[in-house]
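The values are calculated or read from the model by the stated rules, or taken from the named source; none is laboratory data. Just so it is clear, the structure is predicted and the values come from calculations on it, not from any experiment. Methodologically, a virtual Cβ is constructed for each residue, glycine included, from the backbone with ideal geometry; neighbour enumeration extends over all protein chains shown. Side chains are part of the model used for accessible areas, which takes the heavy atoms of the whole protein and leaves out ligands, DNA and RNA. Shrake-Rupley method; radii C 1.70, N 1.55, O 1.52, S 1.80 Å.
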Amino acid sequence: MKKLLILIVAFFCTSAFAQSNEVALTYGGQFVSGDYDFGKSGVLEGNLAHRLVKGGVAGLYVELPLTWTFKNARTDPAAALHDHYTGLFFTPGLKVKLLPQLPISPYGFVGVGLAHFHNTDTDQGSYENVIDYGAGLDWSVLPLLSIRGEIRDFNSGVPRMGFPNPGSRQQNVMATVGLALHF
């Protein structure tokens, strides 16, 4: 019992001196909505963040997420079109983490950047502007390690690769879970 109490006190003491950098790797799925029929695909995301402002209730971070989607499929049943593509999203932005000193910390973020879509059937590519926003949750399991879950929406232009481009935008919603290292 005494050892358990010492571990709990040590955990909260080290958590009180919260680290200012984060590196996270998460994996999950993408759900796209737009003018075409999109299948589900896989997502792998790496994220670097640095705390700019430390507050008692919230912390402000600058973040650099790099997100790769793979095995995307796109179909236009009316025109009998079908293709496969990958996407790479880079959206530097700001993150606000609430209660960063507690074991469970919710956060929200927003960013602006570019997406590169690559058609794996025709080897065509397309760059589109993108706005990124969403929310997540860090659950500390060790003083320097947390389990991270988040939902991001990359609102981008429709990839222009062999399909008619109606000039609209598409929602690239991604749900991921993984680990974050805090130092």
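Brief remarks follow.
- The H on the amide N of S20, modeled in the peptide plane, is under 5 Å from the matching H of F183, each at least 5 residues off or on a different chain.
- 10 Å beta-carbon shell around D132, net charge (K/R +1, D/E -1): -1
- Note: relative contact order over segment 86-153, using C-alpha pairs below 8 Å and six or more positions apart, is 29 percent.
- Total formal charge among the other residues, if their Cβ is under 9 angstrom from that of G28, Lys/Arg +1 and Asp/Glu -1: -2
- Taking amide H as placed 1.01 Å from N in the peptide plane, T120 has its amide H under 5 Å from the amide H of H84, Y85, T86, each at least 5 places away in sequence or on another chain.
- Rolling a 1.4 Å probe over the protein heavy atoms gives segment 88-183 an accessible area of 46 Å² per residue.
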